[in-house]
Amino acid sequence: MYHDEHGTCVKFIFQEESILINGISHITFIVKDLERTTLFIKGIFDATEVYSSSTVKYFQIGDIWIALNKGEPLSERTYNHVAFQIRESDVDNYIERIKNVGVEIKPDRQRTEGEGRSIYFYDFDNHLFELHTGTLSERLTCCLRFKHAE
């Protein structure tokens, strides 16, 4: 809101189409070794490489566009991460894939029953990934149940 030259309060009205986000366009990771990270992305996520140059590679994981840009990796590990949804029945398969690529699987955090399972692991450049079996709806149900128990 703002006041016009006459002191009248004016509301901004946006058309819904002008502010609508359709989804995530792409996710970019800066990596030191494009070839090593290519093996990571393909080996764990079954990604399809769709473009390659000496400084960038593009992949698709389902409908998700992943970009790898050559550069200096993250200097430290944090909890900032990207989480991909997987089926509960695929957890063991993904654990095996992650082990085959040679990266460490982190211990899962304390969970509330019904929240879903997660597999956390870092790539070679300190990016944290999560494979998660739950949905937002399931998480909210757990949050409400926990809140009512307090």
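Just so you know, all these numbers are worked out from the coordinates, no wet-lab data involved. What you see is a predicted model, and the numbers here were worked out from it, not measured in a lab. Neighbour counts are summed over all protein chains in view; Cβ atoms, including those assigned to glycine, are modelled from backbone coordinates with ideal geometry.
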*Neighbour cut-off at most 13 other Cβ (10 Å), DSSP loop, GluC sites (Glu not before Pro), the range 36-94*: GLU76
*Evaluate the Kirkwood expression for the hydrodynamic radius of the range 2-149, namely the inverse of the mean inverse distance over all pairs of different C-alpha atoms, and round to one decimal in Å.*
18.2 Å
_Set LYS42/LYS70; LYS42/LYS99; LYS57/LYS106 screened for pairs whose C-alpha atoms are more than 20 Å apart_ = LYS57/LYS106
*With +1 on each Lys and Arg Cβ and -1 on each Asp and Glu Cβ, and nothing else charged, work out how big the dipole of the range 2-149 is about its Cα centre, in Debye to the nearest 20.*
380 debye
_Could you tell me the relative contact order of the range 2-149? Use alpha-carbon pairs under 8 Å, at least six residues apart, and round to a whole percent._
20 percent
_the range 72-125 shape via C-alpha gyration tensor axes, a/c threshold 1.5_ = oblate
*asked:* I want the local charge near VAL31. Using Cβ-Cβ distances under 13 Å, sum +1 for each Lys or Arg and -1 for each Asp or Glu among the other residues.
replied: -1
*Fewest first, what order do HIS26, HIS81, HIS127 take by the number of other Cβ atoms within 10 Å?*
HIS26, HIS81, HIS127
